[in-house]
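Novice: Quick one: structure below, then a few questions.
The values are calculated or read from the model by the stated rules, or taken from the named source; none is laboratory data. Quantities reported herein were computed from a predicted structural model and do not represent experimental measurements. Note: ideal-geometry Cβ built from the backbone for every residue, glycine included; neighbour counts use all protein chains shown. To get the accessible areas, we keep the full protein, side chains included, count just its heavy atoms, and leave off ligands, DNA and RNA. Shrake-Rupley method; radii C 1.70, N 1.55, O 1.52, S 1.80 Å.
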Amino acid sequence: MTINELLKTLATGQTLSNVYVILGQADYFQRRLKQGFKQQVPAEEQTMNFASYDMDTVPLAVALDDAMAAPFFGERRVVCIDNPQFLTGETKKQKVEHDIDSLQKYLESPMPSTVLVLFAPYDKLDARKKVTKQLKKVATMVEINQFSERDVRQFVTDQLKQDGYTMEPAALNDLIQRTDADLTLIMSELPKLELYTLPEKTITQAAISGLVTQTLTQNVFDLVDRVLAKNTAGAVTLYRELLQAKEEPLKINAILQGQFRLLIQTKVLAKQGYSQGKLASILKVHPYRIKLALQTHRRFQLTDLNRAYLGLFRVEKQMKSTTMDPELLFSLFMTQFAGTAA
């Protein structure tokens, strides 16, 4: 089942399956779907017939006991299970012991009056596990993993149309850029933008520029461009602005290193003929970031990318081992990389 089909099912109150698995890390849809499932229970019954259990802190048996109970003065009970790490191949030991066999037994004969929903914020489940195989036989599987830029644009456009608004093409481009095509972040910005543009109901590029702050990652993209252009003054100025905005120096440096690593990987793999979609899959990076990396790496030599990456690695070591001012360290890095006097 697709995300749109499930949203339609929840909105129209059609007959629900008894077990769902919501797979993927799109926070916006995780929250929206949970609210949709909650609304399948009348408001006056939700205290008794709706519950959500986090497997990081609550044993699975507690959630299943609830799922096996009959609705309290109602027709339907909805039980949500969050963070079922036991369905993945992750080896990190959980704080809570879970009785997986009891879930397998439940799946053999799910409670007819209960809708059990497992919210799995992961890229994939461990297909080798018996419980996963059983879920795939019994449950309705809905994947909400990262969306392409095209999907994000379409969803935002559809949402605006539903709300009675329009957005200038240039404004949508700017919104996508400032939010790194993060649908969750975009949807959190829309109410503010819609309120600001009343009564015209047309969201302009000026509204985006004035109301939507660039993410740290997007600011770092701009910083990368200035570094590679060997624009020492511009790079140091932007770095200082990030520090003034209370961004942590080590965090800035880590994201910078990560972006240069991505540019190096993209350049090497693209030369071998890998497509944008294949690169996103191999490198496990949002397709929008791959798009930006492809646009950037072609303008620069691999030697420069390597020099910048190694230089930032040395900056990180100095940040951790000395008390030197981070801005000074970055300025020295830029001076050396650009080959010009400060």
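Novice: Please determine whether any residue of the stretch 190-197 is touching a Leu at 6+ places or on another chain (Cβ under 9 Å), closer than 24 Å to Ala245 by Cα, open to solvent by less than 40 Å² (accessible area, probe 1.4 Å) and of a type outside the set (Asp, Glu).
Specialist: The answer is yes, given that some residue of the stretch 190-197 is touching a Leu at 6+ places or on another chain (Cβ under 9 Å), closer than 24 Å to Ala245 by Cα, open to solvent by less than 40 Å² (accessible area, probe 1.4 Å) and of a type outside the set (Asp, Glu).
Novice: Go through (1) open to solvent by less than 40 Å² (accessible area, probe 1.4 Å); (2) more than 28 Å from Ser148 (Cα to Cα); (3) at pLDDT below 95; (4) of a type in the set (A, V, I, L, M, F, W, C) one by one and return the number of the condition Leu23 breaks.
Specialist: (2)
Novice: Let me ask something additional. Can you tell me which residues in the stretch 128-147 are out of contact with any strand residue (DSSP E or B) (no Cβ under 9 Å at 6 or more places or on another chain) and at pLDDT below 90?
Specialist: The answer is Gln146, Phe147.
Novice: A follow-up question, please. Can you tell me which residue within the stretch 137-177, out of those that are touching a residue at least 40 places away in the same chain (Cβ under 8 Å), open to solvent by 40 Å² or more (accessible area, probe 1.4 Å) and in a helix (DSSP H, G or I), is nearest to Leu292 (Cα to Cα)?
Specialist: Gln177
Novice: For the stretch 299-335, how many residues are of a type in the set (S, T, N, Q), open to solvent by 80 Å² or more (accessible area, probe 1.4 Å) and within 22 Å of Lys267 (Cβ to Cβ)?
Specialist: Of all residues in the stretch 299-335, those of a type in the set (S, T, N, Q) come to 301, 303, 306, 318, 321-323, 331, 335.
In the following step, the residues that additionally are open to solvent by 80 Å² or more (accessible area, probe 1.4 Å) were identified as 301, 303, 321, 323.
Now drop any that are not within 22 Å of Lys267 (Cβ to Cβ), which leaves 301, 303.
Residues meeting the conditions: 2.
Novice: Could you run through the stretch 281-319 and say how many residues are in contact (Cβ under 8 Å) with a residue 60 or more places away in the chain and under 21 Å from Asn145 (Cβ atoms)?
Specialist: The qualifying residues number 7.
Novice: Could you look through the stretch 290-319, keep only residues that are in contact with a Ser or Thr (Cβ under 9 Å, 6 or more places away or on another chain) and at pLDDT 85 or above, and pick out the one that is farthest from Asp225 (Cα to Cα)? Break it down stepwise before answering.
Specialist: Keep residues of the stretch 290-319 that are in contact with a Ser or Thr (Cβ under 9 Å, 6 or more places away or on another chain), which gives 290, 293-294, 296-297.
Then keep just the ones that are at pLDDT 85 or above; that gives 290, 293-294.
Values: Ile290: 15, Ala293: 11, Leu294: 13 Å.
The qualifying residue farthest from Asp225 (Cα to Cα) is Ile290.
Each row is one residue, and each column tells you yes or no for (1) within 25 Å of the chain's Cα centre (by Cα); (2) closer than 24 Å to Thr47 by Cβ; (3) polar (S, T, N, Q).
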position: Ala63; (1), (2), (3): no, yes, no
position: Asp82; (1), (2), (3): yes, yes, no
position: Gln85; (1), (2), (3): yes, no, yes
position: Gly89; (1), (2), (3): yes, no, no
position: His98; (1), (2), (3): no, no, no
position: Glu108; (1), (2), (3): no, no, no
position: Val115; (1), (2), (3): no, yes, no
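Novice: Taking the stretch 70-91, which residues are of a type in the set (Phe, Trp, Tyr) and open to solvent by less than 30 Å² (accessible area, probe 1.4 Å)? Steps first, please.
Specialist: Just the residues of the stretch 70-91 that are of a type in the set (Phe, Trp, Tyr), to begin with: 72-73, 86.
The answer is Phe86, and nothing else.
Novice: In this structure, does Tyr122 turn out to be of a type in the set (Phe, Trp, Tyr), open to solvent by less than 40 Å² (accessible area, probe 1.4 Å) and either touching a Cys at 6+ places or on another chain (Cβ under 7 Å) or modelled with pLDDT of 95 or more (or both)?
Specialist: No, not satisfied.
Novice: Looking at Thr266, Thr296, Thr237, Thr213, can you tell me which residue is open to solvent by 40 Å² or more (accessible area, probe 1.4 Å) and either of a type in the set (D, E, K, R) or farther than 15 Å from Arg178 by Cα (or both)?
Specialist: Details: Thr266 fails: open to solvent by 40 Å² or more (accessible area, probe 1.4 Å); Thr296 fails: open to solvent by 40 Å² or more (accessible area, probe 1.4 Å); Thr213 fails: either of a type in the set (D, E, K, R) or farther than 15 Å from Arg178 by Cα (or both).
Residue meeting the stated conditions: Thr237.
Novice: Something else: Take the residues of the stretch 39-69 that are open to solvent by less than 30 Å² (accessible area, probe 1.4 Å) and among the small types (Gly, Ala, Ser): which is farthest from Leu103 (Cα to Cα)?
Specialist: Filtering first and then ranking leaves Ala51.
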